[in-house]
Amino acid sequence: MSPGTTNSSLLPIMRNEYSLDSVCCTRRTLHTFSHMWIVENFSSYLEDPEPIICLSSSPFSPVSGCSVATQWRLVCYPKGNYGASSNYMSIFLEYIKGERDIKAKAEYSLVNRKCELTEMRKDAQFSIYKCGNSRGFINYVKFDTLTLVENETLDDDKLKIYVRITIMDDAITEETKYQEFDDNESVNFTTRGFESLVKDFTQLLLQSTSKMSDIKIRVTVPYGDCNSDDSFESPVTFHAHKLILAARSPVFAAMFSNRTLENTTNTIDINDLHPNTIQSMLEYMYTGKVTDIKNSTVELYRCADKYQLEDLRSQAEMALMNSLSIDTSAEILLLADQHHSEDLKSRVIQFIVSGNLKAITQTDGWHRYVACTPDLVTEVIQATAIE
């Protein structure tokens with residue numbers, strides 16, 4: 001044997017063997033909940049002559065966990081709190097009701113007109129909140145940049161503030177049975193599997209061609225006026241898969257289960273919806289989400305109702321509620337009435353009679369969509385009387 005070498009057979013065999021008679025586990029649960037606060041006519045607060053303006057949201061609470069009885073609220077200073085740098089808006093989270101101290105941290109964002117989270121600021125670590133305490137950012141965002149059109153932060157002069165709060169419970173140690181993988185790891189595997197599935201189906205949609213798919217959707221819409229008889233754009237064709245469409249929509253399932261023209265020719269002709277709407281519908285059917293739902297919300301709602309895509313209809317309905325304005329309310333009211341959405345109709349009528357009636361009845365939308373529908377006019381008048 002040469003110097004410096006070792007015969008491995010002479011080394012003792014190292015074993016990592018042990019026995020377990022019992023196991024305990026220390027757990028700490030984190031509960032996350034969120035809230036969105038919409039401040040209408042936000043620019044009016046920036047133009048107010050008062051140097052310091054304080055706005056407060058309504059109280060909100062966690063929906064689960066040990067802290068469901070606690071109450072919180074957001075506090076906003078549009079032109080800054082005392083001590084804030086010039087031209088900065090301040091934002092705080094206040095713990096307003098609870099019987100014990102809470103360990104929590106918060107993440108603040110603004111929701112722009114594309115429903116994207118912007119200006120994200122979050123606490124670096126957990127803090128102890130005593131009842132009556134508030135924490136946040138004095139210099140949250142420069143308020144003179146919020147009103148710039150190119151930033152797309154304000155949606156019809158509405159500032160949408162989104163907060164996500166994480167509450168840390170006390171640690172608990174208890175005896176448990178030994179497991180190779182804990183529940184959290186199982187959840188992580190499930191989440192990663194779902195994300196991978198969405199990614200793969202996104203690629204399937206993007207790469208669909210006449211060779212890879214078995215159905216094509218041909219969308220033809222008229223130029224300008226939808227009542228035109230002979231001025232049509234060139235058809236836009238989408239390729240898809242019958243099995244996926246049928247699994248997602250009862251309408252497509254019935255279409256492909258019978259000897260319909262669409263099932264025989266492997267072509268679906270659509271002339272009452274625009275290509276962008278069909279593209280958004282396919283994105284939802286393949287991935288469960290729509291990248292920018294606000295681009296065609298009204299028509300996407302009609303599309304979801306037509307093909308009985310209930311979750312997409314609910315998403316579009318929520319987006320419509322958030323986009324209510326003096327200019328859009330008449331069209332949305334007619335849409336809700338035509339598609340028998342009582343929740344959406346009630347929300348629109350409440351918006352109209354809550355101080356906006358005069359302005360809305362003077363819009364082109366009112367005369368185009370509502371004034372010619374006596375039943376809707378009657379409902380608005382009756383609601384006005386109650387109000």
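Filter the stretch 351-387 for residues that are among the basic types (Lys, Arg) and loosely packed, with under 11 Cβ neighbours inside 10 Å and give the result. Spell out how you get there, then give the answer.
Residues of the stretch 351-387 among the basic types (Lys, Arg): 358, 368.
Within the stretch 351-387, just Lys358 meets the criteria.
Going through the stretch 69-104 one residue at a time, which ones are aliphatic (A, V, I, L, M), closer than 18 Å to Val39 by Cβ and surrounded by fewer than 20 Cβ atoms within 10 Å (Cβ to Cβ)?
Residues satisfying the conditions are Val75, Ala84.
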For the stretch 145-174 the number of residues that are out of contact with any helix residue (DSSP H, G or I) (no Cβ under 8 Å at 6 or more places or on another chain) and either over 26 Å from Tyr88 (Cα atoms) or free of Cβ contacts under 8 Å to residues at least 24 places away in the same chain (or both) is 11
Among the numbered conditions (1) in contact with a helix residue (DSSP H, G or I) (Cβ under 8 Å, 6 or more places away or on another chain); (2) at pLDDT 90 or above, tell me where Ile128 comes up short. (1)
Condition check for Ser109: in contact with a strand residue (DSSP E or B) (Cβ under 6 Å, 6 or more places away or on another chain), assigned by TED's automatic domain parsing to the domain that holds Phe42 and modelled with pLDDT of 90 or more: yes
Looking at (1) of a type in the set (D, E, K, R); (2) at pLDDT 90 or above; (3) not assigned by TED's automatic domain parsing to the domain that holds Leu159, which is the one condition that is false for Glu17? (2)
Given the conditions (1) in a loop (DSSP other than H, G, I, E, B); (2) under 26 Å from the mean Cα position of the chain (by Cα), every one holds for Pro51 apart from (2)
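Can you tell me which residue within the stretch 315-340, out of those that are outside any helix (DSSP H, G or I) and touching a helix residue (DSSP H, G or I) at 6+ places or on another chain (Cβ under 8 Å), is farthest from Lys114 (Cα to Cα)?
Start the filter on the stretch 315-340 by keeping residues that are outside any helix (DSSP H, G or I), which leaves 323-328, 339-340.
Then drop every residue that is not touching a helix residue (DSSP H, G or I) at 6+ places or on another chain (Cβ under 8 Å), which leaves 323-324, 326-328, 339.
Numbers: Ser323: 11, Leu324: 14, Ile326: 19, Asp327: 18, Thr328: 16, His339: 25 Å.
Step by step, filter the stretch 315-340, then rank; the result is His339.
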So is Ser213 farther than 20 Å from Thr264 by Cα and either modelled with pLDDT of 75 or more or aromatic (Phe, Trp, Tyr) (or both) or not? no
Residue that is surrounded by the most Cβ atoms within 10 Å (Cβ to Cβ) [pool: residues in the stretch 105-125 that are over 28 Å from Ile52 (Cα atoms) and in contact (Cβ under 8 Å) with a residue 12 or more places away in the chain]: Cys115
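Among the residues of the stretch 64-88, write down those that are part of a strand (DSSP E or B) and under 24 Å from the mean Cα position of the chain (by Cα).
Within the stretch 64-88, Gln71, Trp72, Arg73, Leu74, Val75, Cys76 meet the criteria.
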Just the residues that are more than 32 Å from the chain's Cα centre (by Cα) and either within 20 Å of Ala319 (Cβ to Cβ) or among the charged types (D, E, K, R) (or both), please, taken from the stretch 359-387. Asp375
Kindly indicate whether any position in the stretch 242-251 is within 20 Å of Thr220 (Cβ to Cβ) and either in the same structural domain as Ala304 (by TED's automatic domain parsing) or not polar (S, T, N, Q) (or both). yes
Cβ-Cβ distance below 8 Å, separation of 6 or more or different chains: which pairs start in the stretch 360-377 with a residue that is on the phi > 0 side of the Ramachandran plot and end on one that is in a loop (DSSP other than H, G, I, E, B) and loosely packed, with under 12 Cβ neighbours inside 10 Å? none
What's the number of the only condition in (1) without any contact (Cβ under 8 Å) to a residue 60 or more places away in the chain; (2) within 24 Å of the chain's Cα centre (by Cα); (3) surrounded by 18 or more Cβ atoms within 10 Å (Cβ to Cβ) that Asp337 fails to meet? (2)
Selection over the stretch 341-361 where residues are assigned to a loop (DSSP other than H, G, I, E, B) and touching a helix residue (DSSP H, G or I) at 6+ places or on another chain (Cβ under 9 Å) yields a count of 2
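Any residue at all in the stretch 89-98 that's touching a helix residue (DSSP H, G or I) at 6+ places or on another chain (Cβ under 8 Å) and assigned to a loop (DSSP other than H, G, I, E, B)? If you could, list the steps in order and put the result at the bottom.
To start, the set of residues in the stretch 89-98 that are touching a helix residue (DSSP H, G or I) at 6+ places or on another chain (Cβ under 8 Å) comprises 89.
Next cut, assigned to a loop (DSSP other than H, G, I, E, B) only: none.
Scanning the stretch 89-98 turns up no residue that is touching a helix residue (DSSP H, G or I) at 6+ places or on another chain (Cβ under 8 Å) and assigned to a loop (DSSP other than H, G, I, E, B).
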Can you pull out the residues in the stretch 264-294 that are touching a helix residue (DSSP H, G or I) at 6+ places or on another chain (Cβ under 7 Å), surrounded by fewer than 16 Cβ atoms within 10 Å (Cβ to Cβ) and part of a helix (DSSP H, G or I)? Asn276
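The values are calculated or read from the model by the stated rules, or taken from the named source; none is laboratory data. What you see is a predicted model; the values in this text were computed from it and never measured. Methodologically, a virtual Cβ is constructed for each residue, glycine included, from the backbone with ideal geometry; neighbour enumeration extends over all protein chains shown.
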